[in-house]
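Student: Just passing along the structure, written as structure tokens.
Rule-based calculations on the coordinates, nothing more; no lab input. What you see is a predicted model; the values in this text were computed from it and never measured. Because the Cβ atoms are built from the backbone with ideal geometry, glycine has one as well, and the counts that use them run over all protein chains shown.
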Amino acid sequence: MLILYTKNNCPYCEKVKRVFAERRLTYEERNIDDEQFLNEVRALGAKTMPFMHDTTANVAMGESDDIIDYASEYSF
């Protein structure tokens with residue numbers, strides 16, 4: 001499962017969400033305004049948003065272009 005951690009007013013988060021929507025990727029968005037999600041993403045080592053966690057492959061990354069490239073390589 002793909003989890004995308006985002007924050008409000010983040011153009012990079014919007015960019016990733018737009019590409020995911022265009023490619024009809026299924027993912028769960030978790031906005032870090034929710035303290036539970038903020039704590040989760042911190043535990044994964046995130047320092048910036050967006051941050052993606054592929055729970056199936058145990059892959060985590062934080063750069064928007066890397067996230068888009070990763071999602072493009074794999075069929076979800």
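Student: Tell me the strands (runs of 3 or more DSSP E) entirely within the chain that contain at least 2 residues that are acidic (Asp, Glu) and surrounded by 11 or more Cβ atoms within 10 Å (Cβ to Cβ).
Tutor: Strands (runs of 3 or more DSSP E) meeting the threshold: 28-31.
Student: Restricting to segment 4-29, what's the tally of residues that are among the charged types (D, E, K, R) and under 15 Å from LYS47 (Cα atoms)?
Tutor: So the answer is 1.
Student: Contact list please: Cβ distance under 7 Å, first residue in segment 42-59 and more than 22 Å from PRO11 (Cβ to Cβ), second residue in a loop (DSSP other than H, G, I, E, B), pairs at least six apart or on different chains.
Tutor: The qualifying pairs are THR55/MET1; THR56/MET1.
Student: Checking THR48 against (1) under 22 Å from TYR74 (Cα atoms); (2) out of contact with any helix residue (DSSP H, G or I) (no Cβ under 7 Å at 6 or more places or on another chain): exactly one of these is not met. Which one?
Tutor: (1)
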